[in-house]
Structure formats: C-alpha cells, structure tokens
Amino acid sequence: MAKKTTKTIAFTNNKGGSGKTTTCANLGYSLSAMGRKVLLVDGDMQLNLSLSFFGEDEVLQFAAGEKNLYNAVKKEEDLTDYVVHTPYENLDLIPSSTLMSGIEFELFTKWQRETILNRGLKKIRESGVYDYILIDAPPTLGGWVMNILCTSDYCILPVEASPWGLFGVANMFEFLENVKKVAPKLELLGVVITKMDARKNYGKQTLEVLKEFSEVTVFDTVIRVDSEIEWAQDHSKPVMAYKKSARSAGEYLELAKEVDKNVRRSR
C-alpha cells in the first residue's frame with residue numbers, strides 16, 4: 001500500500017472564543033468519519049481539544065504524566081510515542097498539559113527553537129500513517145504559535161460572527177505574513193465563520209469585512225450557533241458522535257468535505 005501524503009493544518013486565532021478548538025475537534029472527527037486517518041495535536045494549555053475526546057480524569061492524567069506535548073517539546077523528542085488512540089476509528093491525539101503555560105520560556109532556551117515541533121513530527125509525517133495532522137494553537141501570537149505554524153502546510157482561521165469577532169484579525173494576517181518569511185510553504189487555507197446567529201446581521205458584516213482583505217479565502221460552509229455543540233462538549237464528544245442529526249454535525253461534515261477538496265486541489 002502506498003504511503004499517504006500527510007498534510008498538517010494549524011487552527012489559529014489570536015482572539016479567544018473564536019470557536020478554534022471546537023472547529024479543530026469537529027473537523028478532525030468529520031474527516032475521520034470520511035475515512036481519512038487523522039492525528040490531532042493539542043497545543044493549548046487549556047486542554048480543551050483533549051477534553052473533546054476524553055473525560056476530565058483521563059485528560060488530567062495525560063497532563064500530569066510523561067506522555068504529553070509539553071514534555072516532548074521540552075525534551076525535543078520524537079512525538080511518535082506520545083500518540084494516544086481516541087475512542088474513534090481513524091482518530092488519534094497527542095494530549096496537552098497545563099504546563100504548556102511555560103512553553104515560551106522552554107523555547108527561549110532552545111537552539112533553532114522555531115523548528116522544534118517540526119522536528120518532533122518529522123517521523124510521523126514521513127511514516128505516511130496519517131492523511132492529516134491537525135494542530136490546535138493557543139490564542140496568542142508568540143513563539144509557540146510560530147512553532148506550530150512553521151510545521152504546518154496550511155492554517156485555518158476561525159472567526160466568530162460577532163461585533164468583537166473581527167477584533168485583531170488584521171494583526172493575525174500580519175503575523176501570518178511574518179511567519180511565511182521563515183516558513184514560505186505555509187498557506188492560509190481559509191477563514192471559517194463560526195457562531196453564526198441567523199437572527200442577527202453580524203454574519204453578513206463579518207463576511208463583508210473579510211472580503212476587504214485581498215487573497216483571503218472564506219469557506220462556503222458556515223458554522224451556526226447550535227446548543228448541541230455545548231452538550232457534546234459536556235459529554236467529551238464531537239457533536240457528530242453525540243448527535244449525528246444535529247445541524248452543526250452536518251455543517252462540520254460539509255466543512256470537512258470542503259477542506260479535503262481544497263487541500264487535494266492545492267497539492
């Protein structure tokens with residue numbers, strides 16, 4: 001069997017509450033449901049990506065143990081042995097740790113620090129086991145996010161359809177351009193509008209503002225407000241696994257199809 005060509009996608013936004021982690025988790029699950037082999041990497045100290053697939057007790061065990069992303073980065077180790085299987089077929093995870101709050105200091109002491117994660121994922125990518133590696137970045141614009149972006153082929157920027165959702169997005173685009181000076185292969189795959197409320201007009205306003213930025217693709221699929229997402233998170237499940245008939249489950253599946261199509265088109 002031929003090896004897969006693994007593509008790495010970072011989910012990033014310097015503004016909290018954008019739906020970044022939710023999009024990463026549910027897009028990852030939707031891609032796996034399509035038969036794609038997916039590795040999720042929880043790069044945020046809040047552990048929310050890990051909590052999307054495992055209960056709190058298990059996640060805290062990962063965080064307190066040796067096999068989490070913080071320890072791998074600190075020791076500059078190959079990440080192959082840090083992979084854990086989720087309860088779902090085709091979907092694995094490298095869990096995070098609350099100690100990620102100190103990752104900037106750890107990076108400061110490293111040589112060629114902007115490529116540590118890239119080196120850690122090298123063997124996994126070259127193995128061809130996965131179709132996709134999806135990385136959830138914290139809502140900052142620091143050295144760790146640069147590390148994540150430098151190891152990625154693409155990034156996806158979730159933007160909340162709200163008055164404050166666009167706050168700082170210009171800074172995010174500027175940051176991406178600066179990262180591309182170090183990692184020229186990085187491509188903004190697109191912006192996904194999240195938390196759309198049909199009763200309000202912010203979605204149209206958000207789309208209009210985003211169109212003012214040249215060469216920025218906005219995905220056709222929009223993720224609307226859906227209480228089933230919160231219920232799924234409360235049960236540590238992706239929304240499609242929690243309630244397949246949920247409106248948002250269908251939207252994430254459509255987004256996954258759109259992402260998969262765009263990635264294959266750009267190869």
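The values are calculated or read from the model by the stated rules, or taken from the named source; none is laboratory data. Predicted, not measured: the structure shown is a model, and the values here were computed from it. FYI the Cβ positions are ideal-geometry reconstructions off the backbone, even for glycines, and counts take in every protein chain you see.
Inspect all residues belonging to region 3-17 and state whether any of them is of a type in the set (Gly, Ala, Ser) and either within 11 Å of residue 95 (Cβ to Cβ) or in a helix (DSSP H, G or I) (or both).
No, region 3-17 has no match at all.
Checking the conditions here, which among 162, 248, 152 is among the polar types (S, T, N, Q) and under 30 Å from residue 113 (Cα atoms)?
Checking each option against the conditions leaves just 152.
Residue-wise test of (1) modelled with pLDDT under 95; (2) charged (D, E, K, R); (3) closer than 24 Å to residue 47 by Cα.
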residue	(1), (2), (3)
210	yes, no, no
213	yes, no, no
216	yes, no, no
228	no, yes, yes
239	no, no, yes
244	no, yes, no
247	no, yes, no
250	no, no, no
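Does residue 75 meet the test of being of a type in the set (Lys, Arg) and out of contact with any helix residue (DSSP H, G or I) (no Cβ under 8 Å at 6 or more places or on another chain)?
Yes: the conditions hold for residue 75.
Quick one: would you say residue 229 is touching a strand residue (DSSP E or B) at 6+ places or on another chain (Cβ under 7 Å) and of a type in the set (Val, Ile, Thr)?
In short, no.
So, in region 1-15, of the ones that are surrounded by 24 or more Cβ atoms within 10 Å (Cβ to Cβ) and in contact with a Leu (Cβ under 6 Å, 6 or more places away or on another chain), which residue ends up nearest to residue 140 (Cα to Cα)?
Filtering first and then ranking leaves 13.
Considering only helices (runs of 4 or more DSSP H) fully contained in region 77-158, which possess at least 1 residues that are free of Cβ contacts under 8 Å to residues at least 40 places away in the same chain and touching a Gly at 6+ places or on another chain (Cβ under 9 Å)?
It comes to 103-108.
Determine whether residue 68 is in contact with a helix residue (DSSP H, G or I) (Cβ under 9 Å, 6 or more places away or on another chain) and either closer than 24 Å to residue 187 by Cβ or in contact (Cβ under 8 Å) with a residue 60 or more places away in the chain (or both).
no
Here is a yes/no grid of residues against (1) surrounded by fewer than 19 Cβ atoms within 10 Å (Cβ to Cβ); (2) at positive phi:
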| residue | (1), (2) |
| --- | --- |
| 17 | yes, yes |
| 20 | no, no |
| 26 | no, no |
| 69 | no, no |
| 77 | yes, no |
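So, in region 32-63, exactly how many residues are without any contact (Cβ under 8 Å) to a residue 12 or more places away in the chain and loosely packed, with under 14 Cβ neighbours inside 10 Å?
Final tally of qualifying residues: 1.
Can you tell me how many residues within region 212-249 are under 19 Å from residue 156 (Cα atoms) and not hydrophobic (A, V, I, L, M, F, W, C)?
Selection size over region 212-249: 9.
From 117, 141, 157, grab the single residue that is crowded, with 18+ Cβ neighbours inside 10 Å and touching a strand residue (DSSP E or B) at 6+ places or on another chain (Cβ under 7 Å).
157
Identify all residues within region 256-267 that are of a type in the set (D, E, K, R) and surrounded by fewer than 18 Cβ atoms within 10 Å (Cβ to Cβ); write none if there are none.
Matches in region 256-267: 257, 258, 261, 264, 265, 267.
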